[in-house]
Each structure stands twice: as C-alpha cells, then as structure tokens.
Amino acid sequence: MRNSRRSTAHLVTEAARPRSEDIAYRERRYLIMMAFRVACFIVTIALFAAGAGWVAAIPAAGALVIPYFAVVFANGGREPTSTRGFRAYEPNLPERYSPPGQTLPDGPLSPGQPGDANGTCHEQE
C-alpha cells in the first residue's frame, strides 16, 4: 500500500522537448536558412546577368551573411524553457566561528586576528 503522496504535481506540458526533437528542429531551421541562401545566390546571378548593377549586391549580401546566422542558430543547443528567469546564486555558507566569550570584529579579518583566513583561531596575549 502506498499512502505517501507527492506534495507537488508536475505537468506534462512543462516537460522539456526530447533531445531528438530539438536536434530535428535545429536541422530543419538550418536547411531552410541555407535554401534561402541558395535562392539569394540565384537571384544575384539573375540580376547581374540582366544588368541590374548595384541592385544585385542586395541578395549577394544576404547570401554572404545568412550562413553565419544559420550556423549560430543550429549550434545554439537547447534553449532554457523556464519562464521564471534565472535565480541569483546564493551560497549556503556557515556562520563565522566565534569562540565562547569572544566576539569577532565587523568587516574583513586580517591575518593574525582571531578567525583569520586559514580558519584558525589565535589567542590574543
């Protein structure tokens, strides 16, 4: 018998996409961008052959720039799916040791004071 229940339930819609689906999506996006590059290249050749002059430079610039963005997007990897944003790092540090009957000064400690950076406690004479 199982009497214990989980305190929180996880929705299936919050689950991350499978890795294979993510890779397929990135491959598909890369191929679409490269097909657009080929189209820009063909339009450049057609405009240049028709004597369009500097207008042929516009799709040529697209054909030169698109591969950079295609590779960056394809290698981007899995994007974070959290909508809450990133949490700031909060270290879980122990409190500073203070021997019984002594109080440590506020602010940074210098070597030789009780509780210095070596983690030792020196007795003051």
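The values are calculated or read from the model by the stated rules, or taken from the named source; none is laboratory data. Since this is a predicted model, take the numbers as computed values, not measurements. As a convention, Cβ positions derive from the backbone with ideal geometry for all residues, glycine included, and neighbour counts pool all protein chains shown.
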Report the residue count in segment 20-53 for those that are surrounded by 11 or more Cβ atoms within 10 Å (Cβ to Cβ) and not in a helix (DSSP H, G or I). 1
How many residues are at pLDDT 75 or above and not polar (S, T, N, Q) if we restrict to segment 61-87? 15
Selection count, segment 54-64, where residues are buried (at least 16 other Cβ atoms within 10 Å of the Cβ) and within 22 Å of Asn75 (Cβ to Cβ): 2
